[in-house]
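Here the structure comes first, spelled out in structure tokens, and everything after it is commentary.
The values are calculated or read from the model by the stated rules, or taken from the named source; none is laboratory data. Computed from a predicted model, the values in this text were never measured in an experiment. Methodologically, a virtual Cβ is constructed for each residue, glycine included, from the backbone with ideal geometry; neighbour enumeration extends over all protein chains shown. We work out accessible area using only protein heavy atoms, side chains counted, and drop any ligands, DNA or RNA first. Shrake-Rupley method; radii C 1.70, N 1.55, O 1.52, S 1.80 Å.
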Amino acid sequence: DEMSIKQLLAAPQFAWITRDLEQLALGHTVEHVVPAHIDDVRARRVELILKTEAAVKDRLTKEINYWDHRAEELKHQEQAGKANARLNSNEARKRADDMQARLKRRMDELMKERQISALPPVALGGLLVVPAGLLAQLRGESQDGGCSMVLSRDTQEAAAAARARVMQVERQLGYEPVDREFDHLGYDIESRIPGTGRLRFIEVKGRVSGAKTVTVTRNEILTSLNKPNDYILALVELDRDTYPVRYVKIPFQREPDFGVTSVNYDMDELLARAHDPA
């Protein structure tokens, strides 16, 4: 039931999305992103090239000196009438010259490797993030003051308010609740039943009136299936002054498919199975 891309782009709020947007992004990249990237790459590459140059120069210079020295030795032996049958001075000199040419060629190659430049950037794609409130506005959905307040409220603050309301209800029922939200146990509240040692595990979902779905994580679903008789899904309406609370026992029927991280459940169906906490 979401709006199509064509419908979205036709709205005045999206007039800034034009065919010039890609060039604007590429221009920003060339001006701000590429220089820093080139500097980073150049610093790392030049450091490696300098180390390579030093190693190549050290190794080939030793080879050149060896064959220079060997050529002089053989030349003196040849002048003294002691010619070497396997290697003569000319051959040794040729090897020294080859090493010298190889050193120059390798140094030239490494010098070229220092000349680092960037290819033109390419835009591979774009991502448009549309706020939920704007989508609701474009669809013509009503947003009274309470709903607007909830939509603009910080998500963590709203979640904390919902948990606080459920903990208040649990205390009124005679239980001893503890907020376990940040322990990531698959539920938000651990509520002790006095005198028995048993615990009630409560997952809290704060929603605005008229919300179509509620999102539940894989961990929350698996936890409820592992504790079917003690797990409760608490639904809290955040846009009403009294924060009405409804409890759903055994809210989920099966495990999510492999690889699924969260599941959207129909709010009306959950509310149809819900009951008053008392």
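Structure values in brief
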{"quantity": "Accessible area of the chain belonging to carbon and sulfur atoms, whole % at 1.4 Å probe", "calculated": "52 percent"}
{"quantity": "For Asp239, distant residues with modelled amide H under 5 Å away", "calculated": "Ser209"}
{"quantity": "Accessible solvent surface per residue of the stretch 214-278, calculated while the other protein chains remain in place, 1.4 angstrom probe, Å²", "calculated": "56 Å²"}
{"quantity": "Listed residue pairs exceeding 26 Å between alpha carbons, taken from Lys51/Lys75; Lys6/Lys205; Lys62/Lys104; Lys82/Lys104", "calculated": "Lys51/Lys75; Lys6/Lys205; Lys82/Lys104"}
{"quantity": "Local net charge near Gly186, Cβ-Cβ under 14 Å (Lys/Arg +1, Asp/Glu -1)", "calculated": "-3"}
{"quantity": "Amide H partners (placed H, <5 Å) of Thr213, local residues excluded", "calculated": "Met267"}
{"quantity": "Top of Val30, Val56, Val166 by mean-square fluctuation, Gaussian network on the chain, Cα under 10 Å", "calculated": "Val56"}
{"quantity": "Percent antiparallel among DSSP beta bridges (both partners in the chain, rounded to 5)", "calculated": "75 percent"}
{"quantity": "Local electrostatic count at Ile49 - Lys and Arg +1, Asp and Glu -1, tallied over other residues with Cβ under 9 Å", "calculated": "0"}
{"quantity": "Under 10 Å, Cβ to Cβ, from Arg198 - net charge with Lys/Arg +1 and Asp/Glu -1", "calculated": "+1"}
{"quantity": "Computed magnitude of the charge dipole of the chain (debye, nearest 20; Cβ of K, R +1, Cβ of D, E -1)", "calculated": "1420 debye"}
{"quantity": "Whole-Hz couplings from phi, Karplus 6.51/-1.76/1.60, listed for the stretch 169-179; x for Gly and Pro", "calculated": "4, 4, 5, 4, 7, x, 9, 10, x, 9, 6"}
{"quantity": "Asn90/Ala55 FRET efficiency (R0 35 Å; Cβ-Cβ; nearest 0.05)", "calculated": "0.70"}
{"quantity": "Size-normalised alpha-carbon gyration radius of the stretch 198-248, reference 2.2 N^0.38 Å", "calculated": "1.23"}
{"quantity": "Where labels lie 7 Å past Cα in the beta-carbon direction, separation of Ala118 and Lys212 in nm", "calculated": "4.2 nm"}
{"quantity": "Using θ = phi - 60° and Karplus 6.51 cos²θ - 1.76 cosθ + 1.60, couplings along the stretch 67-79 (whole Hz; Gly, Pro as x)", "calculated": "6, 4, 5, 5, 5, 5, 4, 5, 5, 5, 5, 5, 5"}
{"quantity": "Per-selection Kirkwood Rh - the stretch 29-99 (Cα, Å, 1 d.p.)", "calculated": "15.3 Å"}
{"quantity": "Vicinal HN-Hα couplings computed from phi for the stretch 123-139 (Karplus, 6.51 cos²θ - 1.76 cosθ + 1.60; Hz; Gly/Pro x)", "calculated": "7, 8, x, x, 10, 10, 9, 10, x, 4, x, 5, 4, 4, 5, 5, 7"}
{"quantity": "Solvent accessible area, Å² - Val208, 1.4 Å probe, full protein context", "calculated": "30 Å²"}
{"quantity": "Label zone at Asn226 (point 7 Å along Cα-to-Cβ), backbone N below 15 Å, the stretch 244-278", "calculated": "255-256"}
{"quantity": "GNM top mover of Ala36, Ala80, Ala211 - the chain, alpha-carbon springs below 10 Å", "calculated": "Ala80"}
{"quantity": "Amide H within-cut-off set for Arg192, under 5 Å, with H built and near neighbours excluded", "calculated": "Glu176, Val178, Arg200"}
{"quantity": "Cα-based Rg and Dmax for the chain, where Dmax is the largest Cα-Cα distance (Å)", "calculated": "37.4, 118"}
{"quantity": "For the chain, the longest site-free run once trypsin sites (Lys or Arg not before Pro) in DSSP loop states with at most 15 other Cβ atoms within 10 Å are removed", "calculated": "20-81"}
{"quantity": "Exposed-site-free run, longest, the chain (rule: GluC sites (Glu not before Pro); DSSP loop; at most 16 other C-beta within 10 Å)", "calculated": "3-140"}
